[in-house]
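Below: the structure, in C-alpha cells.
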Amino acid sequence: MTRSFHHRTTVGAVCGILLFLLLALYAFWIKNAVVGLIMAFLLIILVEHTLHSEYIITDGKLIINNGKLSRAKSIDVNEIHDCKPMTSVFGLVHYLLLTYGASNRVVSVQPQNEAAFVATLQKEMRNTIRKDLQETLQNYSVEEKELGKEAYDAE
C-alpha cells in the first residue's frame, strides 16, 4: 500500500517567503539587479521546497521528497528506531524527529496529518517484519526438507 503525506506549511516558512519577496522587490526598486536576482532565486527555492515536499510510505520504505530541485531520500522502515514529536521556536514549529540507521542519524518531517503518518509508519513496520519472518520460515522449511532428503538418501 502506498500512502503519501504533504509537507505542512508553517508560519516560519510563510514569513521567510514574504521576507525574501520584500527583499527582492526592494532590491529591484533601488535598481540593484544582482541582489534582486539572488533574492528572487532564493525565493523560488523556498517556495518550491515548501509547496512540493512530500513523504511517501510504500513497500517497506519511507521516501522523503523535498521538492523538484532536490534528491529524494529513501529510508528503510526497519531501520527507524524512534519517532519523537518535537517543538521549537517558542512552540510555533512542530515536527517529528525520526532516528534511523546503525549510526543513529536523524531527519525531521512535518506531515500535515501527523497522527495518520505515525499510524501508517507503524503499520508498514509491522507488515515488513511479518514479511521478513515469513521469508525466514519458508527458507528454514526448505532447508529442513533438503536436509531430510539427504539423511534419507544416506540411509
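Select from the stretch 48-62 the residues that are in a strand (DSSP E or B), farther than 16 Å from ALA119 by Cα and not polar (S, T, N, Q) and list them in ascending order. Lay out the reasoning, then the answer.
In the first step, residues of the stretch 48-62 are kept if they are in a strand (DSSP E or B); the result is 53-58, 61-62.
Filter once more, keeping what is farther than 16 Å from ALA119 by Cα: 53-54.
Matches in the stretch 48-62: GLU54 only.
Please tell me if SER4 is touching a His at 6+ places or on another chain (Cβ under 9 Å) and modelled with pLDDT under 95.
Details: touching a His at 6+ places or on another chain (Cβ under 9 Å): no; modelled with pLDDT under 95: yes.
Against the criterion (touching a His at 6+ places or on another chain (Cβ under 9 Å) and modelled with pLDDT under 95), SER4 does not qualify.
Whenever a residue of the stretch 30-46 is part of a loop (DSSP other than H, G, I, E, B), its partners that are open to solvent by less than 60 Å² (accessible area, probe 1.4 Å), lying with C-beta atoms within less than 9 angstrom and at least six residues away or across chains, give the pairs ILE30/GLY36.
Test LEU23 against the stated conditions and say whether it is part of a helix (DSSP H, G or I) and surrounded by fewer than 16 Cβ atoms within 10 Å (Cβ to Cβ). Answer is no for this residue. Restricting VAL106, VAL89 to those that are of a type in the set (A, V, I, L, M), in contact with a Gly (Cβ under 7 Å, 6 or more places away or on another chain) and open to solvent by 50 Å² or more (accessible area, probe 1.4 Å) reduces the list to VAL89. Taking every residue in the stretch 1-21 that is more than 16 Å from THR120 (Cα to Cα) and pairing it with any residue that is open to solvent by 70 Å² or more (accessible area, probe 1.4 Å) and not aliphatic (A, V, I, L, M), at least 6 positions away or on another chain, the pairs with Cβ-Cβ distances below 7 Å are ARG8/GLN112. Every condition in (1) part of a loop (DSSP other than H, G, I, E, B); (2) surrounded by fewer than 14 Cβ atoms within 10 Å (Cβ to Cβ) is met by GLY12 except one, and the failing one is (1). Is it the case that SER53 is closer than 27 Å to LEU18 by Cα and touching a residue at least 24 places away in the same chain (Cβ under 8 Å)? The answer is yes for SER53.
The values are calculated or read from the model by the stated rules, or taken from the named source; none is laboratory data. Computed from a prediction, not measured in an experiment: that's the story for all the values here. Note that we place each Cβ from the backbone using ideal geometry, even for glycine, and neighbour counts take in every protein chain shown. For the accessible areas, the whole protein counts, side chains as well, though only heavy atoms, and no ligand, DNA or RNA atoms are used. Shrake-Rupley method; radii C 1.70, N 1.55, O 1.52, S 1.80 Å.
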